[in-house]
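To keep things clear, I will list the structure first and then write my remarks on it.
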Amino acid sequence: MTRRSVTAQYPDVQPDLPPRSRGVIALFEENCTVCMLCARECPDWCIYIDSHKETTPATAPGGRERSRNVLDRFAIDFSLCMYCGICIEVCPFDALFWTPEFEYAETDILELTHERDKLRDWMWTVPAPPALDPGAEEPKEIAAARKAADKLIAAQQAEQAAQAQSAGQAGQAGQAGQAGQTPPESGA
């Protein structure tokens with residue numbers, strides 16, 4: 001009550017949004033496998049997906065053909081959407097994201113159904129995920145990948161050491177053969 005009121009000059013000055021604000025839903029089309037989980041779990045039934053199957057030829061001789069789903073249409077009706085975020089949570093392939101974009105008002109309610117081209121354009125406004133806390137536990141996926149990489153590096157180093165040792169023994173045998181001596185026997 002003791003401070004003066006400040007008027008936000010909205011159209012000219014953009015508001016400062018919190019980092020996890022919910023604007024619209026963006027689509028990362030390359031990750032979408034047309035599994036339909038988002039459309040099935042949506043309580044408002046505002047996600048529309050159409051697809052078809054394509055058959056890819058076998059990659060190896062004697063192999064079998066594979067079929068995969070191809071996305072034809074992905075649309076979200078934002079006049080029905082209640083911004084609950086269930087579709088984003090259930091997507092197993094990280095194809096849907098919250099974007100802070102909030103200026104998408106239309107004069108006609110029928111124009112609030114946004115197709116995949118518009119959803120893809122909003123993808124580039126998605127902020128980067130926040131950095132992990134310095135004292136946080138390492139994610140189990142990264143820990144497992146690091147452990148596998150460490151095992152691979154250790155195996156490669158052991159192999160290189162064995163190759164160097166065998167090359168050293170071969171070099172000693174070659175030098176002894178040139179001098180007319182028999183190579184010394186190793187205790188291993």
Among (1) part of a loop (DSSP other than H, G, I, E, B); (2) closer than 28 Å to Pro18 by Cα, the one test that Ala60 misses: (2)
Residues satisfying the stated conditions in segment 17-35, i.e. out of contact with any Pro (no Cβ under 6 Å at 6 or more places or on another chain), part of a loop (DSSP other than H, G, I, E, B) and modelled with pLDDT of 85 or more: Arg22, Phe28, Cys32, Thr33, Val34, Cys35
Within segment 40-69, tally of residues that are open to solvent by less than 50 Å² (accessible area, probe 1.4 Å), farther than 24 Å from Trp124 by Cβ and among the aliphatic types (A, V, I, L, M): 1
Hey, Asp50 over 15 Å from Ile88 (Cα atoms) and modelled with pLDDT under 90 or not: no
Residue count, segment 120-131 (criterion: of a type in the set (A, V, I, L, M) and open to solvent by less than 40 Å² (accessible area, probe 1.4 Å)): 2
Of the criteria (1) closer than 17 Å to Gly85 by Cα; (2) part of a strand (DSSP E or B), which one Cys38 fails: (2)
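Residues checked against (1) among the β-branched types (Val, Ile, Thr); (2) in contact with a helix residue (DSSP H, G or I) (Cβ under 6 Å, 6 or more places away or on another chain):
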{"position": "Arg3", "(1), (2)": "no, no"}
{"position": "Pro11", "(1), (2)": "no, no"}
{"position": "Pro19", "(1), (2)": "no, no"}
{"position": "Ala26", "(1), (2)": "no, yes"}
{"position": "Cys38", "(1), (2)": "no, yes"}
{"position": "Pro43", "(1), (2)": "no, no"}
{"position": "Cys46", "(1), (2)": "no, no"}
{"position": "Ile49", "(1), (2)": "yes, yes"}
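Name every residue in segment 99-119 that is of a type outside the set (Asp, Glu), open to solvent by 70 Å² or more (accessible area, probe 1.4 Å) and not in a loop (DSSP other than H, G, I, E, B), in order of residue number. Break it down stepwise before answering.
Our first condition is that a residue be of a type outside the set (Asp, Glu); within segment 99-119, this holds for 99-100, 102, 104-105, 107, 109-110, 112-114, 116, 118-119.
Now restrict to residues that are open to solvent by 70 Å² or more (accessible area, probe 1.4 Å): 102, 105, 107, 109-110, 118.
Within segment 99-119, Ile109, Leu110, Lys118 meet the criteria.
The values are calculated or read from the model by the stated rules, or taken from the named source; none is laboratory data. Note that the coordinates shown come from a computational prediction; the quantities given were computed from them, not determined experimentally. Every residue, glycine as well, gets a Cβ built from its backbone with ideal geometry; the counts of neighbours run over all protein chains shown. The protein model used for the area step is the full one, side chains on, heavy atoms only, and it has no ligands, DNA or RNA in it. Shrake-Rupley method; radii C 1.70, N 1.55, O 1.52, S 1.80 Å.
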